[in-house]
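Enquirer: I'd like to ask you about the structure that follows.
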Amino acid sequence: MHENIGDDRPIRVCDRCGLIDDHPRHTVGADPDRDDRPSQAVIAIVLGSDHPAEVKALAIDQLNEPGLYLHMDCCREAGCPTGLCGPQTAGAEELRGGDLLAHLEAKGAEK
């Protein structure tokens, strides 16, 4: 489980790694040519987590929503379907959570 960043960021499950947290993520809209169903391994991670039952229920509901919800680092590593995660996380390949968020915010301030 990752530590949450806080500040009322939404808690979601990552459709690739199955971890439930509020880390920076890439939300990719539904595509009829792509199978967005989570793997059995991701579902097992969610159900086996130590989150409260209500958080697990919300995560399972999200897994049924169309589209993909991926940590930006997971999306980049999987080959981001839109190609955005590589450039946005460039120079922050080892960062996660609040550290990745700070990198993204600093990068946004450079523009």
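A short reminder: the numbers here are calculations on the coordinates, not readings from a lab. The shown structure was predicted, so the numbers you read here are calculated from the model rather than taken from an experiment. So basically every Cβ, Gly included, is an ideal-geometry build from the backbone, and we count neighbours across all protein chains shown.
Enquirer: Given a cut-off of 18 Å, what percent of all Cα-Cα pairs of segment 68-111 lie beyond it?
Expert: Details: 205 of 946 pairs.
In whole percent, the share of Cα-Cα pairs in segment 68-111 beyond 18 Å is 22.
Enquirer: Okay, next question. How do the peptides 27-37, 91-101 rank, highest first, by the average count of neighbouring beta carbon atoms within 10 Å per residue?
Expert: Numbers: 27-37: 11.1, 91-101: 15.7.
Going by the mean number of other Cβ atoms within 10 Å, highest first, we get 91-101, 27-37.
Enquirer: Still on this structure, I have one more. Kirkwood-based Rg over Rh for the chain (C-alpha set), two decimals?
Expert: Values: Rg = 14.0 Å, Rh = 14.5 Å.
A ratio of 0.96.
Enquirer: With contacts defined as alpha carbon pairs under 8 Å and 6 or more residues apart, what's the relative contact order of segment 12-110 in percent?
Expert: Details: 110 pairs, mean separation 35.1, N = 99.
Relative contact order, segment 12-110: 35 percent.
Enquirer: Is it possible to state the helix-based mean residue ellipticity at 222 nm for the chain, with each DSSP H run of 4+ residues giving -39500 (n - 2.57), the sum divided by total residues, to the nearest 500 deg cm²/dmol? What is it?
Expert: On the way: 5 runs with 45 residues, N = 111.
One gets -11500 deg cm²/dmol as the mean residue ellipticity at 222 nm.
Enquirer: Mind giving me the nanometre distance, one decimal, between the label points for Ala90 and Ala30, set 7 Å out from Cα along Cα→Cβ?
Expert: Going from the Ala90 label point to the Ala30 one covers 3.4 nm.
Enquirer: So, with +1 on the Cβ of K and R and -1 on the Cβ of D and E, and no other charges, what is the size of the charge dipole of the chain about its Cα centre, to the nearest 20 debye?
Expert: Numbers: 11 positive and 21 negative charges, 37 e Å.
It comes to approximately 180 debye.
Enquirer: What full-extension length gain, to one decimal in nm, is calculated for Ala102 and Ile11 as 0.36 nm per residue of separation minus the Cα-Cα distance? If you can, show how the numbers build up before the last one.
Expert: Numbers: separation 91, 0.36 × 91 = 32.76 nm, distance 1.78 nm.
Net length gain for the segment: 31.0 nm.
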